[in-house]
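Engineer: Quick one: this structure, given as structure tokens, is what I'll be asking you about.
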């Protein structure tokens with residue numbers, strides 16, 4: 001089929017799986033055995049960061065989830081930890097690495113979260129969790145878990161600087177790409193808006209979505225590489241809200 005027909009058919013299958021939550025068979029049908037799925041989002045400023053968390057993360061009592069944080073290093077006002085996300089309709093824990101920068105007033109000025117497919121193995125400084133900054137960070141982690149339950153992002157305001165930078169950089173491989181699909185809001189629906197074909201099976205598209213966590217509309221820029229046997233070998237997804 002043409003690249004446009006392929007992308008439209010994949011989006012139809014994605015919409016069906018979002019509603020049924022049957023992501024494993026959908027991924028096995030559309031993705032190559034060896035594949036990558038990269039999701040990148042960057043927000044600047046307090047209000048933009050809160051908007052992202054409020055609308056794009058599953059929150060509230062109907063989607064209970066929590067993040068367990070394990071600090072392993074504190075250096076130059078920066079707390080390094082590994083994290084375990086559980087709940088939120090995900091069938092297994094999702095792991096990641098997080099860096100949290102504190103400014104001179106102990107407000108958070110930057111958060112960078114990178115996904116990993118398995119539980120991270122890191123060298124841990126036993127003082128990281130009990131030093132002053134480690135304790136402040138763990139208190140923020142508790143506040144974030146309160147936000148997951150209530151959905152009230154104002155809980156986080158007193159922790160963040162006005163110019164906070166938040167980056168979510170997630171890479172998944174092979175059948176691990178099933179994992180991030182579980183984070184898609186069940187009411188969300190996707191539709192192709194624009195498409196350009198490049199060389200070597202590369203397609204650049206703009207895929208809009210509606211009805212995600214109270215967010216009426218957004219756009220996910222895609223860069224997809226399709227194999228000759230019509231499988232997705234690489235999918236890079238951004239976000240515009």
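The values are calculated or read from the model by the stated rules, or taken from the named source; none is laboratory data. Worth saying up front: this structure is predicted, and the values here are computed from it rather than measured. Ideal geometry is used to build each Cβ from the backbone, glycine not excepted, and the neighbour counts take in all protein chains shown.
Engineer: So if I check each of 168, 128, which one is surrounded by 15 or more Cβ atoms within 10 Å (Cβ to Cβ) and more than 23 Å from the chain's Cα centre (by Cα)? Spell out the reasoning first.
Structural biologist: Details: 168 fails: more than 23 Å from the chain's Cα centre (by Cα).
Residue meeting the stated conditions: 128.
Engineer: Among the numbered criteria (1) in the same structural domain as residue 24 (by TED's automatic domain parsing); (2) surrounded by fewer than 16 Cβ atoms within 10 Å (Cβ to Cβ); (3) assigned to a helix (DSSP H, G or I), which single criterion is violated by residue 135?
Structural biologist: So the condition that residue 135 fails would be (1).
Engineer: Out of the residues in the stretch 208-229 that are at pLDDT 95 or above, in contact with a helix residue (DSSP H, G or I) (Cβ under 9 Å, 6 or more places away or on another chain) and closer than 19 Å to residue 15 by Cα, which is surrounded by the fewest Cβ atoms within 10 Å (Cβ to Cβ)?
Structural biologist: It comes out as 222.
Engineer: Quick check on this structure: which one of 66, 47 is outside the structural domain of residue 193 (by TED's automatic domain parsing), free of Cβ contacts under 8 Å to residues at least 24 places away in the same chain and either out of contact with any helix residue (DSSP H, G or I) (no Cβ under 9 Å at 6 or more places or on another chain) or more than 19 Å from residue 160 (Cα to Cα) (or both)?
Structural biologist: Residue meeting the stated conditions: 47.
Engineer: Can you name the residue in the stretch 104-123 that is in a strand (DSSP E or B) and touching a helix residue (DSSP H, G or I) at 6+ places or on another chain (Cβ under 9 Å) and, of all such residues, is farthest from residue 172 (Cα to Cα)?
Structural biologist: Applying the filter and picking the extreme gives 108.
Engineer: Okay, next question. Checking the conditions here, which among 148, 140 is closer than 21 Å to residue 55 by Cα, in contact with a helix residue (DSSP H, G or I) (Cβ under 6 Å, 6 or more places away or on another chain) and not in a strand (DSSP E or B)? Don't jump to the end; show me each part of the working.
Structural biologist: Values: 148 fails: in contact with a helix residue (DSSP H, G or I) (Cβ under 6 Å, 6 or more places away or on another chain).
The unique qualifying residue is 140.
Engineer: Search the stretch 4-24 for residues being without any contact (Cβ under 8 Å) to a residue 24 or more places away in the chain and either within 24 Å of residue 202 (Cα to Cα) or not assigned by TED's automatic domain parsing to the domain that holds residue 180 (or both), and hand back the single one that is surrounded by the most Cβ atoms within 10 Å (Cβ to Cβ).
Structural biologist: 13
Engineer: Looking at 205, 191, which one is loosely packed, with under 14 Cβ neighbours inside 10 Å, in contact (Cβ under 8 Å) with a residue 24 or more places away in the chain and outside the structural domain of residue 48 (by TED's automatic domain parsing)?
Structural biologist: Going through 205, 191 in turn, the sole match is 191.
Engineer: Pick from the stretch 45-65 the residues that are buried (at least 17 other Cβ atoms within 10 Å of the Cβ) and at pLDDT below 85: which of them is farthest from the chain's Cα centre (by Cα)?
Structural biologist: That would be 63.
Engineer: When you check residue 112 against the structure, is it surrounded by 13 or more Cβ atoms within 10 Å (Cβ to Cβ), without any contact (Cβ under 8 Å) to a residue 60 or more places away in the chain and closer than 30 Å to residue 233 by Cα, yes or no?
Structural biologist: yes
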